[in-house]
Amino acid sequence: MDEPSSITGLFYYQGDFRRLEVEISEGKISKISKALGDIKITALSGAILPGSVDPHVHFRDPGETWKEDFHTGSMAAAFGGTTAVIDMPNNRIPIDNYSSYMDKLGTVRSKSYADFGLASMFTGSNSSILHKESSLIKTFLGNSTNSVTVQEISAKEAEALKELKAPKVFHLEDGKCLTDHAGHEDSLLDHDARRPVECEQKAFSTVRELDLGKKIAAHCSSYSDDMEKGFDYLEVTPHHLLLNAGMKLGSEGKVNPPLRSRDVQEKVLNAFVSGKFSFVGSDHAPHSDEDKEEFDQAKSGIIGVETRLPLMAALVNKKVLSLETFLKTNIVNAAAAYGIKKGKIEIGYDADFVAIDFSNMKRLNENRLHSKRTVSPFNGFDVVFPSDVYIRGRKVIEKYELIDDPSGEYMPFQPSSQP
C-alpha cells in the first residue's frame with residue numbers, strides 16, 4: 001500500500017483558484033485542506049487543474065502500429081496534459097466483437113502511460129456480441145478509415161443497443177449523401193465538396209429520432225441551433241475549430257468530416273466559445289508519409305492528442321476562450337459523459353493533475369511532438385503546454401520531461417458510474 005502524499009499549490013477548486021494541499025492515497029484524492037500536516041509534500045507552480053480526458057483517439061494498435069501504437073500515442077497524450085483516453089474501434093483488425101476486444105486489451109494494456117478505455121464498433125447486426133465493458137459503441141453512418149458503414153438500424157438492433165448502457169457515439173455523415181457527391185479530389189476544397197455539410201446534417205436528422213439511450217455526436221464540423229436536439233453531447237475537434245479548407249495544408253489537412261470553409265469554421269468557433277459544444281476530442285488519427293502523398297488517394301486523419309489541450313489553453317491566454325468554458329469542454333464534461341472518475345478535484349476522484357502556466361505561450365514546433373509521425377497542421381500555432389502531469393498520483397511529466405514508465409490503467413465501462 002502506498003504511503004499517503006500530498007501536493008500543494010494553486011488548485012482550481014469549486015469554481016476558483018485556491019492555495020491548498022491535496023492528499024493522495026492509493027491513486028485517489030483523499031483529503032483537501034489548507035494544511036494537511038506531517039506527510040510528504042510536493043509543491044507545484046502554476047495553475048493546478050484536474051487531468052483531461054480525450055474521448056476520441058485512434059492509436060492504430062493493433063494492426064497498424066507503424067503509424068502509432070499505445071506506447072507512443074499515450075506518451076504524446078501525457079505530454080499534452082491528457083491523463084485518460086478512449087481509443088476508437090476502427091482498427092485494421094476491427095473491434096466489433098467480444099473476442100477482438102479482449103485481444104486488443106491484451107495487446108495494449110501494458111503499453112499505456114495514460115489511463116484508457118476501449119470502444120467497440122456497431123456494424124448493423126452485432127449488438128449481441130459486443131463487449132459490455134466497452135467505453136462507448138461507435139457507429140459510422142458514412143465511410144471512413146477502416147470503418148463499416150451502417151445505413152439503417154433495425155428496431156431489434158436499436159432495442160439491443162439501448163440495453164447496452166455505454167454511450168452511443170456517431171460518425172455523422174450520411175452514406176448515401178457521400179455516394180451522391182463522390183468524385184476526384186485535388187484539394188481540401190474538393191474534399192469539402194465531396195463530403196458537404198449537407199451529409200452531416202442528414203445524418204443528424206436520422207440519428208436524432210432513434211431511441212438508443214445516451215447519444216453523442218462525434219467531431220462536429222458545422223454548427224446549427226438544432227444540432228443538440230436528440231443528442232446528449234456534442235463533440236468538436238481543434239481542427240474544426242481552428243483550421244479551414246482555404247488553408248494551404250494539402251493532404252495533411254485531409255480529415256473526415258472535412259475541414260470546412262472559413263465561414264463555417266468561424267461559426268463553429270463562435271459557437272464553441274459561446275458554450276454550445278460539450279467537449280473537445282482530438283480525433284487523433286495518424287498516418288504514414290506514404291498515406292499522405294497524393295491528395296486524391298491520401299487517407300484522412302491528422303495527429304492531435306498532444307496538441308488538443310495546449311491549443312485550447314492558448315485561446316484562454318489570448319482571451320478568446322473563457323477559463324470556465326475551457327474547463328468544461330476540455331476537462332469536466334468528457335469525464336462526466338463517459339462516467340470516468342476524473343475531471344474534478346474532489347475527494348474520491350482520481351489524483352490526476354496538470355500544472356500549467358497560461359502565460360507561457362509558445363509557437364508549436366512539430367519536431368518536438370511524440371507521436372511516431374510528428375507532422376502537424378498546427379505547426380507554428382500558439383500553444384501552452386503543461387509543465388507537470390500526474391496520473392493517479394504518479395508523476396509522469398516533470399518540468400516538461402517524461403520521468404515515468406507506462407503505468408496507465410484500463411478503465412472498463414461501469415453502468416453504475418454513469419451520471
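Since every read-out is calculated from the coordinates, none of them should be taken as a lab result. On a predicted model such as this, the values are computed, not experimentally measured, just so you know. Cβ atoms come from the backbone with ideal geometry, glycine included; neighbour counts cover every protein chain shown.
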Magnitude of the Cβ-charge dipole of the stretch 291-419, K/R +1 and D/E -1, about the Cα centre, nearest 20 debye? 280
Net charge near residue 359, counting Lys/Arg +1 and Asp/Glu -1 over other residues with Cβ under 14 Å of its Cβ? +1
May I ask you to derive the relative contact order of the stretch 360-419, considering only C-alpha pairs under 8 Å and at least 6 residues apart, and to give it as an integer percent? 21
As a test of the formula, what do you get for the chain when each DSSP H run with n ≥ 4 contributes -39,500 (n - 2.57) and the sum is divided by the residue count, at 222 nm and rounded to the nearest 500 deg cm²/dmol? -6000 deg cm²/dmol
Restricting attention to the stretch 251-296, which chymotrypsin sites (Phe, Trp or Tyr not before Pro) occupy a DSSP loop and are surrounded by at most 10 other Cβ atoms within 10 Å? none
Which entries in 132/254; 342/395; 67/132; 111/342 show an alpha-carbon gap greater than 24 Å? 132/254; 67/132
Which FRET efficiency value, to the nearest 0.05, do you get for residue 189 and residue 209 by plugging their Cβ-Cβ distance into 1/(1 + (r/R0)^6) with R0 = 30 Å? 0.40
With a Förster radius of 45 Å, plug the Cβ-Cβ distance of residue 162 and residue 324 into 1/(1 + (r/R0)^6) and report the FRET value to the nearest 0.05. 0.85
Specify the inter-centroid distance of the stretch 246-266 and the stretch 71-88, based on alpha-carbon positions, in whole Å. 24
Starting with the highest mean, order 170-179, 297-306 by the number of other Cβ atoms within 10 Å, averaged over the residues of each peptide. 297-306, 170-179
Please report, in debye to the nearest 20, how large the charge dipole of the chain is about its Cα centre when each Lys and Arg carries +1 at its beta carbon and each Asp and Glu carries -1 there. 800
Roughly how many nanometres apart are two label points built 7 Å out from the Cα toward the Cβ at residue 232 and residue 179? 3.2
Could you tell me the relative contact order of the stretch 49-346? Use alpha-carbon pairs under 8 Å, at least six residues apart, and round to a whole percent. 20
Ordering 255-263, 233-241 by per-residue average of other C-beta atoms within 10 angstrom, highest first, gives 233-241, 255-263
